[in-house]
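Here's the structure, in structure tokens; my notes come after.
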Amino acid sequence: RARGAVAQPGLWPIWAIVSLAVTAFPFLLCPVYVIFLSRIQLAWSLDRQVPEWFGTVSERLRAPANAIFAALVAAAIFLILWAFPVLKIVGLGFLAPSADPALDGKLNLAASAWFTILASSLSWIMPGINALLAQRTRPDLVKDAPYGRWLPTVGGLWLLFALVLYWFAGVAPIVSTLTGSDSPLDYLNGTGVTFVGIVFLIGLLWYWVNAARNRRAGVETELMYQMIPPD
């Protein structure tokens, strides 16, 4: 019945609007992601996790132009990995396997979707945890916040939403497939879960290396989190 409803000739205006929205949505969402990613890089730079170059703010644009440029370069790299079998050429084709020879070795859309969902988990989960703990860990920051007494309630609801979302969108499908699949590694590679794991491992290694470098240079990063940030 659903297929019949989609194929009804009289419903073409509805599907035209849906198609227009699907086409326009990425163009509306991509600038948001670029701004979001550039601000994360700015925070990394202030926390001495990446070179200062990433946190340089352009006086003309009043924005971290270098970080925006780096985000666009990263997006272009993912676009190349999706459009061309680069992973297969460099011997990493197992990260993007496909039964279709035309898609084998390319970072497919399914893998990109899984990568987006799983890799951004902390961005969605941590605000809820921060809201729950802010009154205890940083009372100086939230004592004058509007509706500050509602922070734990809002944080708990947000955390519940995020955990339910990631359970059904990420954890549950992985667990059910791994327990009922004869080739779990192929599933992890084909959906991009392995790629997410590799990126997280690189991030942890990067953090440990920079933490060691900062300690060796005498940079007391602990003091950064005890200061009220500027307005």
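In this structure the amide hydrogen of residue 63, modeled in the peptide plane, comes within under 5 Å of the amide hydrogens of 58, none closer than 5 places in sequence on its chain. Entry note, the chain: relative contact order of 16 percent, from Cα contacts under 8 Å with a spacing of 6+ residues. Accessible surface area normalised per residue over the chain is 72 Å², counting heavy atoms of protein chains with a 1.4 Å rolling probe. Which of these values of Rg/Rh (Cα atoms, Kirkwood Rh) was calculated from the structure shown: [x] 1.53; [y] 0.99; [z] 1.02? Identified label for the calculated read-out: [z]. Using C-alpha pairs below 8 Å separated by at least 6 residues, the relative contact order for segment 82-202 is 31 percent. Screening the chain for whole DSSP H helices of 30 Å or more along their axis (Cα) with average Kyte-Doolittle hydropathy at least 1.0 returns 12-46. In the chain, the sites counted are trypsin sites (Lys or Arg not before Pro) in DSSP loop states with at most 13 other Cβ atoms within 10 Å, and the longest stretch holding none of them, exclusive of the sites, is 144-231.
The accessible surface of the chain, taken with every protein chain in place and a 1.4 Å probe, is 72 percent carbon and sulfur.
The values are calculated or read from the model by the stated rules, or taken from the named source; none is laboratory data. What you see is a predicted model; the values in this text were computed from it and never measured. Heads up, the Cβs are rebuilt from the backbone with ideal geometry, glycines too, and the neighbour counts pull from every protein chain shown. The area values use the complete protein model at the heavy-atom level, side chains included, leaving out ligands, DNA and RNA. Shrake-Rupley method; radii C 1.70, N 1.55, O 1.52, S 1.80 Å.
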